[in-house]
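Written out below as structure tokens is the structure these notes cover.
The values are calculated or read from the model by the stated rules, or taken from the named source; none is laboratory data. Predicted, not measured: the structure shown is a model, and the values here were computed from it. Every residue, glycine among them, receives a Cβ derived from its backbone with ideal geometry; neighbour counts consider all protein chains shown. Note: areas computed on protein heavy atoms with side chains; ligands, DNA, RNA excluded. Shrake-Rupley method; radii C 1.70, N 1.55, O 1.52, S 1.80 Å.
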Amino acid sequence: MIVGSEFSVGIVELDAALERLASQDQRKYEILELLCFGGLTYDEAAAVLNISKATVHRELRMAKAWLHRELSHGVS
């Protein structure tokens, strides 16, 4: 369970949200996967995806915001 100051989310909900992200924006999903689950650095992820480190940073911010919105939607 992921617990934040505003809500908690189970693994099933997180997995479903990540699947939705992958279907909507594969690159953002891949960046999250490489950085959060793969343990790569920004430089390594940028090299794997053949994009700049700045793009990795920007896309990661957007992916995190998207996930936060998806996971907190409907939570009181």
Exercise for review: Evaluate the stretch 63-70: report whether one residue or more is at pLDDT 90 or above, loosely packed, with under 11 Cβ neighbours inside 10 Å and outside any helix (DSSP H, G or I).
Suggested key: no
**Study point:** Residue list for the stretch 26-62, restricted to those being hydroxyl-bearing (Ser, Thr, Tyr) and either assigned to a helix (DSSP H, G or I) or open to solvent by 80 Å² or more (accessible area, probe 1.4 Å) (or both)
**Key:** 29, 42, 55
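Does residue 9 satisfy the condition of being among the aliphatic types (A, V, I, L, M), surrounded by 14 or more Cβ atoms within 10 Å (Cβ to Cβ) and at pLDDT below 95?
Here the answer is yes, as residue 9 does meet what is asked.
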